[in-house]
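Note sheet for the following structure.
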Amino acid sequence: MPDYPIQIGDQALTQLTSWLEGASFSQLLVLDDTHTHQHCYPKLVPHLPAHAVHTVPAGEQHKHWQTCMDIWQAMTDLALDRKALVLNLGGGVMGDMGGFAAATYKRGLDFIQIPTTLLAMVDASVGGKLGIDFEGYKNHIGLYREPLGVYIFPPFLGTLPAEEVRSGLAEVIKHHLIADAAAWPQLRHQTDLHALALEPIIRHSVQIKADIVAADPQERGLRKALNFGHTIGHALETLRLASPHPLLHGEAIAVGMIAEAFLSQQRGLLSTEALADVTEYLRTIYPAVSLDEADIDPIIQLAYHDKKNEGGQILCTLLAGIGHAAVNQPIVPADIRAALRYYAQTG
Ligand SMILES: NC(=O)c1ccc[n+]([C@@H]2O[C@H](COP(=O)([O-])OP(=O)(O)OC[C@H]3O[C@@H](n4cnc5c(N)ncnc54)[C@H](O)[C@@H]3O)[C@@H](O)[C@H]2O)c1
């Protein structure tokens, strides 16, 4: 586990209060978005000392430098100094962008992540990756910086729309596929998302993510395991970013995991039965994404911009059996084409 506290459970906000009482900071700023300001901030307020709040528009389409400019302006208007502390209250967008704004203001303010979506609880809030989108490229500008703590309060999920819960589950599924073969059969039979016991799932996923990140904070090797499903998934998500019907992160990653499981099977790394199992489960949980032949070339072009690539080669994380990842696997455009056709055929 990393060397900052990650508190999970109904007591998380009380634990945050205790931590703040013992901490030394000059000012406290809560960053939230319009939805988390409405649904989550009222639950957080009783646990905080005096603070300022700055609310940004909700949604991935606002994860860009103009919103950061507003945040930096608010920090400047509040005359925040280097000892100020920022609390990011929201999903992966607020955590990534609020953390980025904090980490760059006056060369870096400390910040705490208070994730409010399943995706942010199980994935984005842990690991110190911060950033914003740029000119249509996802997370193109950013840096690594760890928070002072992560406080995960599962009751926040009570107001999260069902499709956002399903989106977050994609990262839970990924964690099973790359790191826990023993737990996979149990998850694989959970198809009623309303019946999911979320707190144990969050604890399980955070443990996997935190262990991987602690072993390889700067993504030199092992951490690349977390990118399973993300080479093709991110490219597809980016392609749809500007469309009238953007995909949620998890919906795109679900397509990416099916496509990259197919490539794993093609290379003899994953059995045909395991590929069928993974495909069937993801197809059951996630809505079908219709892909035209015309989408394939733009997805390939976008995959060439993936941050994991080296020397102009697309490097992908595949599965080496369920529960294990094979990182740095070179793939070529024909692979992506075949994998997306496989996805389309399985619908
Ligand atoms: N840093 C990382 O390691 C990492 C990992 C995975 C994903 N990400 C990033 O995370 C982002 C996606 O995160 P997300 O799926 O959480 O999206 P999000 O932050 O946009 O949240 C989804 C929607 O839910 C709303 N919302 C949040 N909490 C709510 C609550 N409790 N009740 C009601 N509404 C609520 C938000 O306002 C938003 O409209 C992407 O930008 C992705 O790049 C980062």
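Do we find that residue 73 is among the polar types (S, T, N, Q), surrounded by fewer than 21 Cβ atoms within 10 Å (Cβ to Cβ), near the ligand (Cβ under 10 Å from one of its atoms) and part of a helix (DSSP H, G or I) in this structure?
Working: among the polar types (S, T, N, Q): yes; surrounded by fewer than 21 Cβ atoms within 10 Å (Cβ to Cβ): yes; near the ligand (Cβ under 10 Å from one of its atoms): no; part of a helix (DSSP H, G or I): yes.
So residue 73 does not fit the description; no.
Please work out if residue 261 is touching a helix residue (DSSP H, G or I) at 6+ places or on another chain (Cβ under 7 Å), part of a helix (DSSP H, G or I), of a type in the set (A, V, I, L, M) and within 16 Å of the ligand (Cβ to nearest atom). Spelling it out, it is not the case that residue 261 is touching a helix residue (DSSP H, G or I) at 6+ places or on another chain (Cβ under 7 Å), part of a helix (DSSP H, G or I), of a type in the set (A, V, I, L, M) and within 16 Å of the ligand (Cβ to nearest atom). Residues that are at negative phi and in a helix (DSSP H, G or I) occur at least once in the range 47-58.
Checking the condition surrounded by 15 or more Cβ atoms within 10 Å (Cβ to Cβ), closer than 26 Å to residue 122 by Cβ and more than 18 Å from the chain's Cα centre (by Cα), which residue from 288, 254, 235, 339 passes? Give the steps one after another, and end with the answer.
Values: 288 fails: surrounded by 15 or more Cβ atoms within 10 Å (Cβ to Cβ); 254 fails: more than 18 Å from the chain's Cα centre (by Cα); 235 fails: more than 18 Å from the chain's Cα centre (by Cα).
Sole residue among the options that is surrounded by 15 or more Cβ atoms within 10 Å (Cβ to Cβ), closer than 26 Å to residue 122 by Cβ and more than 18 Å from the chain's Cα centre (by Cα): 339.
When the range 282-306 is filtered for residues that are over 19 Å from residue 262 (Cα atoms) and assigned to a helix (DSSP H, G or I), the ones remaining, listed by number, are 294, 298, 301, 302.
Would you confirm, using the coordinates I've provided, whether residue 2 is within 14 Å of the ligand (Cβ to nearest atom) and at pLDDT below 95?
yes
Considering 124, 101, the condition of being touching a residue at least 12 places away in the same chain (Cβ under 8 Å) and either touching a strand residue (DSSP E or B) at 6+ places or on another chain (Cβ under 6 Å) or within 10 Å of the ligand (Cβ to nearest atom) (or both) is satisfied by 124 alone.
Can you say whether residue 106 is among the basic types (Lys, Arg), near the ligand (Cβ under 10 Å from one of its atoms) and more than 18 Å from residue 200 (Cα to Cα), as far as the supplied structure shows? Give the derivation first.
Details: among the basic types (Lys, Arg): yes; near the ligand (Cβ under 10 Å from one of its atoms): no; more than 18 Å from residue 200 (Cα to Cα): yes.
So residue 106 does not fit the description; no.
The set of residues in the range 1-19 that are outside any loop (DSSP other than H, G, I, E, B) and either of a type in the set (D, E, K, R) or free of Cβ contacts under 8 Å to residues at least 40 places away in the same chain (or both) comprises 14, 17, 18.
The values are calculated or read from the model by the stated rules, or taken from the named source; none is laboratory data. Keep in mind the model is a prediction, meaning the values are calculated, not measured. A quick note on method: Cβ atoms are made from the backbone with ideal geometry, for glycine too, and the neighbour counts reach across all protein chains shown.
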